[in-house]
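Everything on this sheet refers to the single structure shown next.
The values are calculated or read from the model by the stated rules, or taken from the named source; none is laboratory data. Note that the coordinates shown come from a computational prediction; the quantities given were computed from them, not determined experimentally. Heads up, the Cβs are rebuilt from the backbone with ideal geometry, glycines too, and the neighbour counts pull from every protein chain shown. Please note that ligands, DNA and RNA were not included when accessible areas were found on the heavy atoms of the full protein model with its side chains. Shrake-Rupley method; radii C 1.70, N 1.55, O 1.52, S 1.80 Å.
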Amino acid sequence: MPNGSTRTGAKARILTGPRGTFAYMFTLGDTRCSGYGGTESQLAHFPNEETRARFEEFGSVWGLRGKRRYRLATRVGRRTSGRFRQFGLNDRPTTIGDHPPTRGMETRMNKSRSGRYFEDYRIGETIEHATPRTVTDGERALYRALYPARHAVHSSDTFARNCGLKRSPIDDLTVFHVVFGKTVPDVSLNAVANLGYAEGRWILPVWPGDTLRSVSEVIGLRENSSGKSGIVWVRTTGLNERNERVLEYVRWVMVRKRDPGRPAPPTVVPALQKAVSADQIVVPEGLDFRRYDFGAAGERHRWRDYQPGETIDHIDGVTIEEAEHMMATRLWQNTARVHFDATARPDGRRLVYGGHVISLARALSHNGLANAQMIAALNSGTHVNPCFAGDTLRAWSEVIEKTETTAPGVGAVRLRLVATRGAPFVLRDADGKFLPEVLLDLDYWALMPM
Amino acid sequence: MPNGSTRTGAKARILTGPRGTFAYMFTLGDTRCSGYGGTESQLAHFPNEETRARFEEFGSVWGLRGKRRYRLATRVGRRTSGRFRQFGLNDRPTTIGDHPPTRGMETRMNKSRSGRYFEDYRIGETIEHATPRTVTDGERALYRALYPARHAVHSSDTFARNCGLKRSPIDDLTVFHVVFGKTVPDVSLNAVANLGYAEGRWILPVWPGDTLRSVSEVIGLRENSSGKSGIVWVRTTGLNERNERVLEYVRWVMVRKRDPGRPAPPTVVPALQKAVSADQIVVPEGLDFRRYDFGAAGERHRWRDYQPGETIDHIDGVTIEEAEHMMATRLWQNTARVHFDATARPDGRRLVYGGHVISLARALSHNGLANAQMIAALNSGTHVNPCFAGDTLRAWSEVIEKTETTAPGVGAVRLRLVATRGAPFVLRDADGKFLPEVLLDLDYWALMPM
Amino acid sequence: MPNGSTRTGAKARILTGPRGTFAYMFTLGDTRCSGYGGTESQLAHFPNEETRARFEEFGSVWGLRGKRRYRLATRVGRRTSGRFRQFGLNDRPTTIGDHPPTRGMETRMNKSRSGRYFEDYRIGETIEHATPRTVTDGERALYRALYPARHAVHSSDTFARNCGLKRSPIDDLTVFHVVFGKTVPDVSLNAVANLGYAEGRWILPVWPGDTLRSVSEVIGLRENSSGKSGIVWVRTTGLNERNERVLEYVRWVMVRKRDPGRPAPPTVVPALQKAVSADQIVVPEGLDFRRYDFGAAGERHRWRDYQPGETIDHIDGVTIEEAEHMMATRLWQNTARVHFDATARPDGRRLVYGGHVISLARALSHNGLANAQMIAALNSGTHVNPCFAGDTLRAWSEVIEKTETTAPGVGAVRLRLVATRGAPFVLRDADGKFLPEVLLDLDYWALMPM
């Protein structure tokens, strides 16, 4: 049983456990401290949700240099009462006493952030997300390297000009991902699941050189019956450097509580539209499909040729690589560790960002929906099952409804877009549950020449 | 033996087979329909070429929701006689009768496209390919991330200006790949093999911000003796947004027939030059190598130092990754599924796009041919063996001939560029067959300071 | 025992060995030549350092076409005495006689280059490195795809303008990598190890559209006691297209000798500063942090909140993929084969470029040091252990010292940045040796709002 010493000089006894974890015991003043430690990744392998949640309450990790290399990774409560809990190697937490954080520990307070918890949100609160981002032709080129994107308005300045735009705008899903990515550190770093989207609207085109930032308003809160987590609804707005709104959408996520013992906030569940209605769709100023070049777009079928109920198999498949989904997700400055860190999940797999699946499926839908040029609205969306590198993703669509718009030659089609690892046109089993091979069920409006 | 029902309400009996395939049987009116189904990828695993070809004649896939999850993937002939064939699980096709496509099936006609077949081409026909593409500094940067490209004219605006150009043009092979990529949906989606190139000429530099599109003329057709496929020759032209030709080349591919029973078109084999002659080489307007900076280019050897017959081992090797070749191929909007879909080939491997091998080899050739700055012409090229991720690619060159040009200080060198997984300077075995480790044998003209 | 013939017609006897290697014997005039051959990669698998070094003395590889495929890969001494050595398959070199290079061999001199050796450097020599490079928004976007970079000055034009800059400059480490990459063919192609950095200073911001080139001066030389290698110190300067210095730094590498028998040059060891002193730090002209937007930057802690001795765990981890580190390293036009060629090292692994580790760690440090906006100086740096794909990299920092600057609102923080595969805050074992999981120990100055 090796020994070590803490920064404050206390002698510690250390027991090594499996996977690099360890238990420790030391005395600070007249308080006996003991705990259970390891790096984030080592702790991530522990199956007990509650134990892991406890550790996330703490805010600091430090090492100590004994005769051998043992790390001491006890964490000190930041905004908590200073209570310490003992986590034995058998994973059963036991409270061993209350004491205030010591000075030695306080100086170890880490300036890095591990995200908000359910009890950190307040109804009506506005969160200005960090890291404004200038998007350029570089992002446009990368979008084509990462996704088989071929919709002509976003591919060609000449095609876009022929449709009344000043040049080819930044891909609509690039705008979504960039705006979304900024919200991750404040909204979904401690999310258990990304539950849904609603009321998404693309309001203004984004041009190369524009700088995007994101602001979210907390519009709903509901604690889960377990008391261990809750659902947070936010309405996020993407703004350009002129403070014009370019995109807005609602999403809701299940977020862990830091302290299950904290009382629940009053429940507020926002009333959300099932779908963006036809009159709420914004058509980019100047858009005119009367001289639309169907040959250049690659598809002769137009708005009038698609009928509600019709389904389209987009045929092509893409096998996903780790490097690709990580580069994409990183490009959007999305920092959720499960996408990048193979040690973050107990199964050692990196989760593919759900937005990567959206972009892949949307790009694949070009084969059969090449004229569904621009996404105008996001009605709803569910990331049905997790997606991993090695999956071969395919897509199919169903026409839900159609509407005209006030712009010349421009119609709108409401589409269901499904990404799947399996066969097309199947979504749920006999019990109404999504099939395990289905990855995404998305409902959106696209603009199409009439 | 589970049951299901089709969209038209017919009851179907379904037998499940290996790898998710199945056989089905149902009755439409007084016609008994039976078949053999699965997704594209499941069918891809069947070894019998003919069986797979038959399935590709059909155009639609649909699902049905029974008590359990079975998919029905029968396909309805589009422009065929409506004949149905039965494919038993033992893979032996049997005709079971003729009947017209039913209405229920017709509404399932898919708007997605699976490419042209040999009998879809007519001599003299002009195909305007879809998806114009604006190329920018984004594509330039990605070219350097994907290939070890170091030729100075394409790397540096200052170097290019010193050579009489207004700035650094888009990489010549980027132009080739973008123009080529557009032709894939119309020319090579059902290609068995990409057989060759000829009469390729780079006519105008492409600048960041230019928008490229492609047009092909069918200049040759010859059915193979088997009657199952034929060779299609196309002359493809790349045009910029001012409708100026920037690139042209001939390529020929072996394309499957949809219906082996269809009569062959008259055979037309175009007369092609073995190589672009010296007087046909186009030197970019203004190019002037008299003040060429050999130090900045990284090579002291100039046009006069290279002699026909001389060979150069470019030494360096690059081990290919799936993510890299897919990102590159996608960037060129090349949609051939064998490059992206691990289930598309019976061996479960993704084929590296031949153009990726060309770009890798050309970039590696910088070490020894750093002054072969710009590609002026593509005389011929053969993708000798398939290339896969994991291969370590090397390159060597042989000087074939040299010529002067009318531009000041600019000479042209005709080079053989060979990409190989093995040793340099070996190409064929004693019987004249390409060695299995050789991947590419390319013949091109490059511009070099004299 | 098959036979072959060389280009000059001499008959050769060839013995095949393991891994595609072979021994050969032939007669040129009255001199019997024998040797041991294979491709670079085949030779790379031989464990005996000295044997491999001998082969690297030679400069050419050629093939011969016999009845079967055997390659002859003898190499001819370029600037050596013309001595030949025999390398038996048992790996014991034996001198078999002296003779001048023959004409037949001389014409096989390869124009490709395999880099400089220790004896090729002279004190005071200036090396103008090849391949000027225009950097654009394309490189900026790729930097964000390859690294989780979120520092706001480099992410947003609006943020940068608010800090007094004309727009967002190119990432400081992009500048470092581009300048460094150009030096590789001249400095480190035959390096055994990259030993250190000193006196690095970012002197001028680089803007999209600028063209960078590199020049190095040899400022130190010291042969190792073994006589087989030596240390080369170079001071490298990065220049823009107006010949303004944008970056300078010293690095030293251990480089193999071509000929261990050559006498050592006089030893010159430059006197280097342990760290760039506060008054040598250059703050970009116009930089003004008085109106700094802490919310947009993503961090409320400012210069006054960080104290020397304080450590920060940056928490997040990134698992490295082959495709990612290769794309990054290639983007910087770094040509060192160990990064790209899986056959270059005996263990078949590709070494991650040390600069990739620097960029990953620096990007991860955003979580806790988001306001350490711009790197001003590189004091020292050690690539402690090799990094490979599959490693999950984490980072932690320690505040070393702080200083004010003359720019309004701008302070400087000197930071230790450590990249590790393991736990934070541990660096060395009890004997003072770096722990095996530590990858990088970097010491730099960053500019931070006060």
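Label-point separation (nm) for C:Asn224 and B:Ser226, each offset 7 Å from Cα along Cα-to-Cβ?
Going by the 7 Å Cα→Cβ label model, 5.8 nm.
Identify the trypsin sites (Lys or Arg not before Pro) of the stretch C:202-265 meeting these criteria: DSSP loop state and at most 10 other C-beta atoms within 10 Å of the C-beta. Before the final figure, lay out each step's value.
Details: sites: C:Arg213, C:Arg222, C:Lys228, C:Arg235, C:Arg242, C:Arg245, C:Arg251, C:Arg256, C:Lys257, C:Arg258; in loops: C:Lys228, C:Arg242, C:Lys257, C:Arg258.
Those that pass, being in a loop and sparsely packed, are C:Arg242.
Ignoring ligands, DNA and RNA, how much accessible area is buried between chains B and C, both sides summed, with a 1.4 Å probe, to the nearest 100 Å²?
Working: alone 19870 and 19790 Å², together 35670 Å².
Buried area between the two chains comes out at roughly 4000 Å².
With θ taken as phi - 60° and the coefficients 6.51, -1.76 and 1.60, list the Karplus ³J(HN,Hα) couplings across the stretch A:233-242 in order, rounded to whole Hz; mark glycine and proline as x.
Result, ordered by residue: 9, 10, 9, 9, 10, x, 10, 8, 6, 9 Hz.
For the stretch A:156-296, state the average projected area of the convex hull of the C-alpha atoms over all orientations, rounded to one decimal in nm². Can you show the working numbers first?
Details: hull surface 42.1 nm².
About 10.5 nm², averaged over all directions.
Which cross-chain or sequence-distant (5 or more) residues have an amide H under 5 Å from the amide H of C:Ser156, H modelled 1.01 Å from N in plane?
A:Thr134
Can you give the FRET efficiency to the nearest 0.05 for A:Thr406 and C:Thr406, using r as the Cβ-Cβ distance and R₀ = 60 Å? The partial results should precede the final answer.
Values: r = 58 Å, r/R0 = 0.97.
About 0.55, to the nearest 0.05.
Pull up all non-local amide H partners of C:His314: gap of 5 or more, or a different chain, and H-to-H distance under 5 Å with H placed in the peptide plane.
Result for C:His314 returns C:Ala395, C:Trp396, C:Ser397.
Pick out, in residue order, every one of the trypsin sites (Lys or Arg not before Pro) in the stretch C:289-324 that is DSSP loop and has at most 16 other C-beta atoms within 10 Å; say none if there are none.
On the way: sites: C:Arg290, C:Arg291, C:Arg300, C:Arg302, C:Arg304; in loops: C:Arg290, C:Arg291, C:Arg300, C:Arg302.
Loop-located and lightly packed - C:Arg290, C:Arg291, C:Arg300.
Working from the pairwise distances between different alpha carbons, so that the mean of 1/r is found and then inverted, what is the stretch C:300-368's Kirkwood radius in Å?
On the way: mean 1/r = 0.0700 Å⁻¹.
Roughly 14.3 Å, rounded to one decimal.
Rounded to whole Å and sorted largest first, list the principal axis extents of the Cα atoms in the stretch B:119-449.
Principal extents (largest minus smallest coordinate, Cα): 63, 46, 36 Å.
Take the stretch C:164-232, compute every pairwise Cα distance, and split them into 10 Å bins from 0; I just need the percent in each bin.
Final binned percentages: 15, 43, 25, 12, 4, 1.
Please list, in order, the residues from the stretch B:120-143 whose amide nitrogen is less than 14 Å from a point placed 7 Å along the Cα→Cβ vector of A:Arg161.
Taking a point 7 Å out along Cα→Cβ of A:Arg161, the residues of the stretch B:120-143 whose backbone N falls under 14 Å are B:133-135.
Amide H to amide H under 5 Å from C:Met374: which residues, 5+ apart in sequence or cross-chain, H placed 1.01 Å off N in plane?
Counting only residues 5 or more places away or on other chains, the set is C:Leu447.
Counting only DSSP beta bridges with both residues in the stretch A:119-449, tell me the antiparallel percent, nearest 5.
Values: 75 of 75 bridges.
Taking every DSSP beta bridge within the stretch A:119-449, about 100 percent pair in antiparallel fashion.
Compute, for the stretch B:119-449, the length of the dipole vector about the Cα centre, with Cβ point charges of +1 (Lys, Arg) and -1 (Asp, Glu) only. Units Debye, rounded to 20. Intermediate values should be presented prior to the final figure.
Numbers: 40 positive and 41 negative charges, 52 e Å.
With Lys and Arg at +1 and Asp and Glu at -1, about 240 debye.
Using only the Cα atoms of the stretch B:347-405, what do you get for the radius of gyration and for Dmax, in Å?
Answer for the stretch B:347-405, Rg first and Dmax second: 13.8, 48 Å.
Can you work out the Karplus-derived ³J(HN,Hα) for every residue in the stretch B:295-308? Use 6.51 cos²θ - 1.76 cosθ + 1.60 with θ = phi - 60°, whole Hz, and x for glycine or proline.
Karplus-based 3J(HN,Hα) across the stretch B:295-308 equals x, 5, 6, x, 7, 8, 6, 10, 3, 5, 7, 9, 10, x Hz.
Give me the percent relative contact order of the stretch B:169-326, please, defined on Cα pairs under 8 angstrom at least 6 residues apart. Spell out each step's value before the answer.
Values: 230 pairs, mean separation 36.8, N = 158.
For the stretch B:169-326, the relative contact order is 23 percent.
So for the stretch C:119-449, averaging the separation of alpha carbon pairs under 8 Å that are six or more residues apart and normalising by length, what relative contact order in percent results?
Working: 786 pairs, mean separation 65.3, N = 331.
Computed value for the stretch C:119-449: 20 percent relative contact order.
What is the calculated FRET efficiency for C:Leu195 to A:Arg345, with r their C-beta to C-beta distance and R₀ = 35 Å, to the nearest 0.05?
Values: r = 38 Å, r/R0 = 1.09.
Taking R0 as 35 Å, the efficiency between C:Leu195 and A:Arg345 is 0.35.
Sequence gap at least 6, Cα distance under 8 Å: using those rules, report the relative contact order of the stretch A:321-450 to the nearest whole percent. Intermediate values should be presented prior to the final figure.
Working: 238 pairs, mean separation 35.5, N = 130.
Computed over the stretch A:321-450, the figure is 27 percent.
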